Amino acid sequence: MRVAGGQRRVEAAVHGRRERVGWRRISSVRLSRSFRASGSSEGGEKVGFLGELEEEIEELKRRNKELRRRITKREEQGGAIKCETPGHGSPRHVSSLASNDAGALVERGLSESRDGGLPPRFGLDVIYCSAEVAPFSKTGGLADVAKSLPIALAENGGHNVTVVSPLYAFVKDRFVWEGEDGGRDVPSSLRLSCVCENVTLDMAKSGKQNVKFYGTRWCDVDWIFVDHPCFQRAGGPYGDEGGAFIDNAFRFSLLSLASIELPLQWWSSIEKRRDVRSDSILFMANDWHAAMVPVYLKAKFRGNGVLKNCRSILCIHNLFHQGALAPSTYSMLGLQDKHYSVFDHGVLGSSFSPEVTQRGSFSIYDDDEEDYEEEGLAAESEPGIFDGRERCLNVLVAGIRTCDRIVTVSSTYAWEILSRRGYGFDFGLSEELRKRKDDLHGVINGIGDEYDPSTDTRIPFNFSAEDLAGKRRCKEALRQELGLESAQAPLIGFIGRLDAQKGADVLLESLPALFEANKEAQLVMLGTGDPLLEQRIRSAQQSFPSNLRGILAFDVDLSHRIFAACDILVMPSTFEPCGLNQMISQKYGTVPVVHRVGGLNDTVEDFNQKTRTGSGFTFSPCNQQKLLETLTLALTVFENDPGKWSHLVRTCMGINHSWKLPSLQYDLIMNWTMDTKINQEGERE
């Protein structure tokens with residue numbers, strides 16, 4: 001069967017809005033790639049994609065078994081590991097990995113260490129740089145990770161973690177208290193004060209820039225915010241109503257350089273300890289906004305004999321956002337001309353087309369035994385993407401080339417972005433990433449303690465797996481709040497950005513058939529984004545007034561009430577590097593229905609009605625037909641077999657999605673990173 005490629009214009013935008021800068025325009029590129037999904041050889045062996053996948057799974061199982069054996073042997077030989085980190089004074093006692101947690105360490109590379117055993121766990125100095133961090137600034141899941149992971153690293157690994165983020169105008173207005181509180185409801189532990197001022201950063205052609213550091217200590221982590229006029233403007237972290245800020249490259253380069261200068265300026269002054277220029281510090285940079293951290297570390301510091309014992313990890317949360325720039329904007333990056341080549345990535349690569357994925361040609365785990373005809377992928381790059389046929393500079397590519405290790409947010413996503421099969425999830429960077437494949441790891445995110453239905457103060461009634469009465473009352477309360485008639489029918493939820501990636505369009509296309517077959521079913525959609533999708537939700541609500549409620553807003557409190565009240569959460573994401581909502585929904589006993597891709601594949605096991613195993617319902621490819629089939633199956637179990645559904649709900653609530661295991665996985669990678677050898681020029685050997 002020939003699967004045609006779709007053609008769609010993908011715009012680089014903030015909250016679905018079009019960029020206002022001409023050279024940021026990305027051209028439409030036709031993608032058409034298919035593959036032979038499955039088959040049988042004469043000897044009975046599976047060939048093609050599924051055969052390769054099964055071989056990978058078997059190899060991971062083998063490595064996992066070996067890791068279990070090593071950890072069990074170590075624990076039998078003696079509990080805690082006593083270690084002393086040079087420069088930190090007294091020794092720390094750090095407990096070893098628990099053997100019952102080791103079973104999840106199946107990600108490639110985590111079962112092997114440099115000496116054939118488990119590496120020691122040291123309490124490291126860690127600088128964690130992120131463009132947003134909850135509860136101070138948040139537009140998506142990155143902020144939740146930037147809050148929870150540093151706390152887990154400090155708690156479980158004994159690391160000295162400092163989070164660095166911009167002091168946006170809205171953060172300054174709420175959290176910086178220099179006089180009376182003005183009635184602001186902010187806990188004292190989150191109040192920010194100036195901890196270091198008159199710090200000068202050399203941004204080369206952009207001149208000398210003076211910044212201040214504001215901060216607080218909370219949950220055994222230092223939270224530092226960089227104050228500069230470029231962050232003091234109306235709008236969100238990345239843009240305003242007109243689109244993305246034109247100087248974002250400069251703003252986030254400044255953030256990156258400030259993160260490296262922080263220990264040199266602030267630590268030395270407040271701790272009055274020895275010169276930190278020779279300290280061993282690990283810098284963790286998140287997405288393209290912080291990808292200049294490893295670039296600066298190599299170009300400005302290690303190459304000049306400063307911070308030569310420091311290392312960097314680039315954490316990739318979503319390859320769609322790369323920080324692509326026109327060459328004329330190179331001066332914003334604060335580097336001399338000799339470093340230009342590290343950013344040069346040719347013209348922009350192929351754009352991702354959600355239409356192709358929905359039609360099936362990028363189905364990662366397609367169970368249909370159909371014979372797909374191989375087609376060639378469109379050219380890796382096209383001329384004319386920028387005005388004047390300019391070449392593209394890519395900040396994320398520069399980070400990939402200069403960092404010491406790379407971590408992405410799920411094992412499946414790591415596999416997807418390295419694949420040569422052209423699934424489109426690499427957004428033109430698979431070749432760059434394959435050069436670093438031995439340094440790339442996939443670690444699934446966790447969720448924070450605030451997502452606990454037994455203690456959540458944002459929901460009207462608390463509940464647990466042992467007593468679900470509160471969940472039923474939450475469901476009734478949400479229906480009353482939204483003006484939906486009370487019914488025994490299932491309540492379905494959707495929470496996320498309204499764009500093609502999150503599959504909101506696929507869900508909207510499915511509504512007529514869904515409500516025709518399930519006349520009492522009700523759906524609540526919460527999110528903002530593409531104005532066209534927002535209008536489609538308004539129109540659909542008029543067409544189905546008894547079945548649909550669309551709340552076009554970003555409302556954290558309401559999202560908690562939806563998680564608690566709904567029976568099903570639908571996530572038809574065309575691609576999803578990790579995803580947090582499916583894990584949150586499971587914690588609240590809301591069964592996820594998800595597209596089997598990325599982190600959704602790693603966290604949701606398809607429910608088997610015969611064995612009663614599984615933690616949700618999955619489908620692939622991401623199209624209207626498959627979504628309807630899977631939703632119908634979930635609704636059938638809900639309505640016809642309450643015993644199975646109750647068992648499924650309790651199974652979901654019993655899954656441990658805490659940050660304990662991910663933080664231990666990061667702990668291993670962090671120690672490996674610190675062992676990276678570099679030469680006199682500050683480059684990896």
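The values are calculated or read from the model by the stated rules, or taken from the named source; none is laboratory data. All values reported here derive from a predicted model rather than from experimental measurement. Heads up, the Cβs are rebuilt from the backbone with ideal geometry, glycines too, and the neighbour counts pull from every protein chain shown.
When Phe575, Phe638 are checked against the criterion of being modelled with pLDDT under 95, more than 15 Å from Leu507 (Cβ to Cβ) and outside the structural domain of Leu142 (by TED's automatic domain parsing), a single residue qualifies: Phe575. Is it the case, given these coordinates, that Leu635 is in a helix (DSSP H, G or I), over 21 Å from the mean Cα position of the chain (by Cα) and more than 29 Å from Phe461 (Cα to Cα)? Taking the combined requirement at face value, the residue does not satisfy it. The set of residues in the range 600-623 that are of a type in the set (S, T, N, Q) and either touching a strand residue (DSSP E or B) at 6+ places or on another chain (Cβ under 8 Å) or not in a loop (DSSP other than H, G, I, E, B) (or both) comprises Asn601, Thr603, Asn608, Thr613, Ser615, Thr618, Ser620.
Results for (1) touching a residue at least 60 places away in the same chain (Cβ under 8 Å); (2) surrounded by 14 or more Cβ atoms within 10 Å (Cβ to Cβ); (3) within 25 Å of the chain's Cα centre (by Cα), shown as yes or no for each residue.
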{"site": "Val176", "(1), (2), (3)": "no, yes, no"}
{"site": "Val199", "(1), (2), (3)": "yes, yes, no"}
{"site": "Val211", "(1), (2), (3)": "no, yes, no"}
{"site": "Gly239", "(1), (2), (3)": "yes, yes, yes"}
{"site": "Phe245", "(1), (2), (3)": "no, yes, yes"}
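Confirm whether Ser269 is out of contact with any Gly (no Cβ under 7 Å at 6 or more places or on another chain) and either modelled with pLDDT of 90 or more or small (Gly, Ala, Ser) (or both). Lay out the reasoning, then the answer.
Numbers: out of contact with any Gly (no Cβ under 7 Å at 6 or more places or on another chain): yes; either modelled with pLDDT of 90 or more or small (Gly, Ala, Ser) (or both): yes.
Against the criterion (out of contact with any Gly (no Cβ under 7 Å at 6 or more places or on another chain) and either modelled with pLDDT of 90 or more or small (Gly, Ala, Ser) (or both)), Ser269 qualifies.
Right, Pro119: at pLDDT below 95, surrounded by fewer than 18 Cβ atoms within 10 Å (Cβ to Cβ) and within 30 Å of Asp602 (Cα to Cα) or not? Answer is yes for this residue.
Mind telling me which of the residues Phe427, Phe494 ends up being of a type outside the set (S, T, N, Q), within 21 Å of Glu639 (Cβ to Cβ), surrounded by 16 or more Cβ atoms within 10 Å (Cβ to Cβ) and under 27 Å from the mean Cα position of the chain (by Cα)? Can you show your working first?
Numbers: Phe427 fails: within 21 Å of Glu639 (Cβ to Cβ).
None of the others qualify; the one that does is Phe494.
How about the range 519-529: which of its residues are crowded, with 20+ Cβ neighbours inside 10 Å and on the phi < 0 side of the Ramachandran plot? Ala521, Gln522, Leu523, Val524, Met525, Leu526, listed by residue number. May I ask you to list the residues in the range 639-657 that are closer than 30 Å to Ala152 by Cβ and either free of Cβ contacts under 8 Å to residues at least 12 places away in the same chain or not charged (D, E, K, R) (or both)? Across the range 639-657, the qualifying residues are Leu648, Val649, Thr651, Cys652, Met653, Gly654, Ile655, Asn656, His657.
Could you run through the range 442-475 and say how many residues are of a type outside the set (Phe, Trp, Tyr), out of contact with any Pro (no Cβ under 8 Å at 6 or more places or on another chain) and more than 30 Å from Asn318 (Cα to Cα)? Full working, then the answer.
As a first pass, look at the range 442-475 and keep what is of a type outside the set (Phe, Trp, Tyr): 442-450, 452-460, 462, 464-475.
With the extra rule that they be out of contact with any Pro (no Cβ under 8 Å at 6 or more places or on another chain), the set shrinks to 442, 447-450, 452-458, 460, 465-469, 472, 475.
Applying the additional criterion that residues be more than 30 Å from Asn318 (Cα to Cα) yields 454-455, 457, 460, 465-469, 472, 475.
Residues flagged as of a type outside the set (Phe, Trp, Tyr), out of contact with any Pro (no Cβ under 8 Å at 6 or more places or on another chain) and more than 30 Å from Asn318 (Cα to Cα) within the range 442-475 amount to 11.
When the range 433-469 is examined, which residues are found to be crowded, with 18+ Cβ neighbours inside 10 Å and part of a helix (DSSP H, G or I)? Across the range 433-469, the qualifying residues are Leu433, Asp439.
Hey, among Glu481, Glu390, Glu476, which residue is more than 19 Å from Gly599 (Cα to Cα) and modelled with pLDDT under 95? Can you show your working first?
Values: Glu481 fails: modelled with pLDDT under 95; Glu476 fails: modelled with pLDDT under 95.
After ruling out the rest, the residue left standing is Glu390.
Scanning the range 443-463 for residues that are hydroxyl-bearing (Ser, Thr, Tyr) and under 26 Å from Tyr413 (Cα atoms) yields a single hit, Tyr451. Would you check if there is a residue in the range 315-326 being surrounded by fewer than 24 Cβ atoms within 10 Å (Cβ to Cβ), within 20 Å of Gln265 (Cα to Cα) and out of contact with any Gly (no Cβ under 7 Å at 6 or more places or on another chain)? Within the range 315-326, not a single residue is surrounded by fewer than 24 Cβ atoms within 10 Å (Cβ to Cβ), within 20 Å of Gln265 (Cα to Cα) and out of contact with any Gly (no Cβ under 7 Å at 6 or more places or on another chain). Among residues belonging to the range 650-664 that are touching a helix residue (DSSP H, G or I) at 6+ places or on another chain (Cβ under 8 Å) and assigned to a helix (DSSP H, G or I), point out the one that is surrounded by the fewest Cβ atoms within 10 Å (Cβ to Cβ). Among those residues, the one meeting the criterion is Lys660.
Flag set for Glu509, criterion: in the same structural domain as His595 (by TED's automatic domain parsing) and assigned to a helix (DSSP H, G or I).
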